[in-house]
1. Could you tell me which of B:Ile123, B:Leu35, B:Gly216 has its Cα farthest along the dipole of the protein assembly as shown towards the positive end, charges placed at Cβ (Lys, Arg +1; Asp, Glu -1), taken about the Cα centre?
2. I'd like the FRET efficiency for B:Thr506 and B:Val453, computed as 1/(1 + (r/R0)^6) with the beta carbon distance as r and R0 of 35 Å, rounded to 0.05.
3. Summing -39500 (n - 2.57) over the DSSP H runs of n ≥ 4 in the protein assembly as shown and dividing by its residue number, what mean residue ellipticity at 222 nm do you reach, to the nearest 500 deg cm²/dmol?
4. Which shape class, rounded, prolate or oblate, goes with the stretch B:227-293 when its Cα gyration tensor gives a ≥ b ≥ c as root eigenvalues, a/c under 1.5 marks rounded, and past that a/b bigger than b/c marks prolate?
5. Let me know the number of lysine pairs in the protein assembly as shown closer than 30 Å at the Cα, not counting same-chain pairs under 8 apart.
6. Classify the stretch B:77-147: rounded, prolate or oblate, from the alpha-carbon gyration tensor (a ≥ b ≥ c, eigenvalue square roots; a/c under 1.5 rounded; otherwise prolate if a/b is larger than b/c)?
7. If eta is 0.692 mPa s and T is 37 °C, what Stokes-Einstein diffusion coefficient results for the stretch B:116-177, Kirkwood Rh from Cα pairs, in µm²/s?
8. What is the extension gain from B:Ala543 to B:Ser235, computed as 0.36 nm multiplied by their sequence separation minus the C-alpha to C-alpha distance, in nm to one decimal?
Amino acid sequence: MSASQFVYAGAADSGRIIRLGAPVLTQITSAGSTAPLFDIRTWEHFPVGPGGVAIFRVFTVRFWSDAGYNLRVTPYIDGVALSTQDFSASTTGEVAIKAYIAQRGASASCRVQQLTRLGNFELIDIQVGYFPLRAIP
Amino acid sequence: MLTVRSFGPFLGVQDGRNTALDAAGILRHARQAVLSGFNRLRARNGTEVAITLMDDAGTPAACTSVCYVGQFTDYVLAIGHSTATDKAYVYLLAPDLSGWYSAAGALTTAATATPLGVLWTSIPEAPVVTVAELLGTAYIAHNAACDAAAFYYETRTLELVATTWTLANLTGDGNPCYFLGVAAFQGHLLGWGFDFGTVAATSYRPELLRFGAPDGGAIDGTGSASFTVGHRVRSARERINNITVAADVAYMGTPFSLWPLIGYGRDSWDKSQPVDDSFGITGPLAACSANGVLYYWSSRGPARCVQRNKPDPLWDAIPETVAAIIDPQKVVVAFDADVDQVLFFHRAGALTGNQLICAYDIRREKFVTADTDIGIPVACAQLVSPVLAASSSGATPPAGPPTNAVTSEIFQGSVKAAWTNGDTSIQVTTIVEYRLQAGPGAWVQAGIVGPGVSELTFDGLSPSTAYEWRVYHRRFGFDSAALGPSAPTQFTTTTTCRAPSGLSLTSVDATRATAEWTNSIESGVSTRIEVSTFPVTTWSDYAVAGPGVSSYSINIYSGVGESVRITHTKSGLTASSALTAGPPLL
């Protein structure tokens, strides 16, 4: 998305003035450039209460992209990271990917990271699917 | 049956929470993200180099630091520093940073910028600079301009004098100024940290604010137009770190207090009631105004203040980020209007520059990110708005300068200048100026012509005098390079008057005719009317027409008056070529 007003930042280590929010897929660094990679992590959901138990089965990450995607999803159950799962495709538009797990616990959270920047990207929602075993509020 | 719970819609970042509490929608961290629409998270756009500032060495090299970038009239003002030359430079850039302007106002489109001038010399470290714009003049102050031991860097001004951008030292009643910072408020210049005098130990006053006369008037170098900010005088505890104007308030921040300045000009200013006696503004660049609200970095973390209300602390959402920040006095704050974010540039861990941004969405009142790595260490930052014209094509400079100068019709008080236009678009005007060759004197505007016009006849000159002229295009406030002064635009006026034109005889009957003509543009000339028979035999004086008269009734008798001759004359000078008309009687 293009911007009509820009923040210009003066570099402290060179004579360069940098335009922030430019419609480009790279970010200027002191050594050259890199891709600005989207990276978020949620706080915990306690769907059955802090003392309850559920079987968590799937994280669904819904997003929009205009040039494909290359993402890593890291599920967390009770604050412990499970194995990461990577997803990539050239599909554009609104996409839903599913990271399947089978883990008992009380809380779930998730980290979503871009591994490469292919185009514009918007995270719409993250959902966790679970079977409640014992609910204790 | 599988049950589903959503983490969205996303409500921003809180980096310190009770982990045993359900916190749907809140994020532990969000890097390279902005809030979009109904709390969707979008990947932040990238960054690109807009322009590189160069020094003034024999072989120019890139500066080693950018100290300031911000809007100034319809331009962008930038300040760079070079450790190779130990100089600080000022640059005047195009509003989209596509080029730079010379002191004469000529635009060069390029990826590198040449300095317009030198601010300070013998300056080994990149300065922290504040700039105030007041009525078309930029005031530039070095944050360490003086201390109790000595005076170092005078406060500078940049303004347009005639058609030349000119750097000068700011003075108060002829005395030099060494302000630690400057701001502009209600038509007054504010300067702090310096009281006039020749002894640094007593002139260094970090808590003192001086202000100039109304309407951009002079700083009073000898009087009492000043007050101390804070509760104490001559105390570094009360040092003014920052003054930022938000809406109708000038907020004055010391390290541990925040004072609003309100009123309707300096004679009514009230600064008696601080809005905060505990937390102030940590550094000279640690505040900005966004939608009339002050956002700043305090000794506890980010905060905001509206009007004279108690400040609103924002740090509770990001305690871990705040605790990790080092050198809070070096925090830089800017407002990114396109994504509704106030950006706090800071550093943490092993970083030696402000390479991280903590972004607060002012519309949704959430932190979007607390620690995004922006890629480079940032010394300064500011929002720059484009300069837009009414036409849909946008504001661009003239396509090219005028060429092919021709000087003709040289008379005692007037001359004709002609050229080939470099841009004939409808938004272009063309300005012609002239001056004495001797001196040379100051440029005088001869006239402004509309689009497509490629000549101008102008007067106001003195006889037998050497002049030169120049011409340039102007489009949306941008000037092209000038054509001239050069040999084709140089001329010496004569001693002959320019002739009138367009003579005709109208309303002719048996006894009278009316002579009508167009006077030349030369002022101070007399118009002589002579008559004869038709065909012409001997000319006889008939009358002298008054100034500005361009028609005269002629009596016709014995055939005399059927021919009429008009000339311009001026004492001591040669009469113009005669203009003759003489149709036969009808």
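Please treat every number below as a calculation from the coordinates, not as lab data. In this text the structure is predicted, and so the values were computed from the model without any measurement. Using ideal geometry, Cβ is built from the backbone for each residue, glycine included, and neighbour counts are taken over all protein chains shown.
1. B:Leu35
2. Working: r = 30 Å, r/R0 = 0.87.
According to the calculation, E is roughly 0.70.
3. Numbers: 2 runs with 10 residues, N = 723.
Per the formula, -500 deg cm²/dmol.
4. Details: a/c = 1.94, a/b = 1.14, b/c = 1.70.
The shape class here is oblate.
5. Values: A:Lys98/B:Lys366; B:Lys87/B:Lys330; B:Lys271/B:Lys310; B:Lys271/B:Lys330; B:Lys310/B:Lys330; B:Lys310/B:Lys366; B:Lys330/B:Lys366; B:Lys416/B:Lys570.
Lysine pairs, 8 or more places apart or on different chains, close enough: 8.
6. Working: a/c = 2.37, a/b = 1.40, b/c = 1.69.
In terms of gyration-tensor shape, oblate.
7. Numbers: Rh = 12.6 Å.
Value of D from the Cα-based Kirkwood radius: 260 µm²/s.
8. Details: separation 308, 0.36 × 308 = 110.88 nm, distance 8.45 nm.
Result: 102.4 nm gained on full extension.
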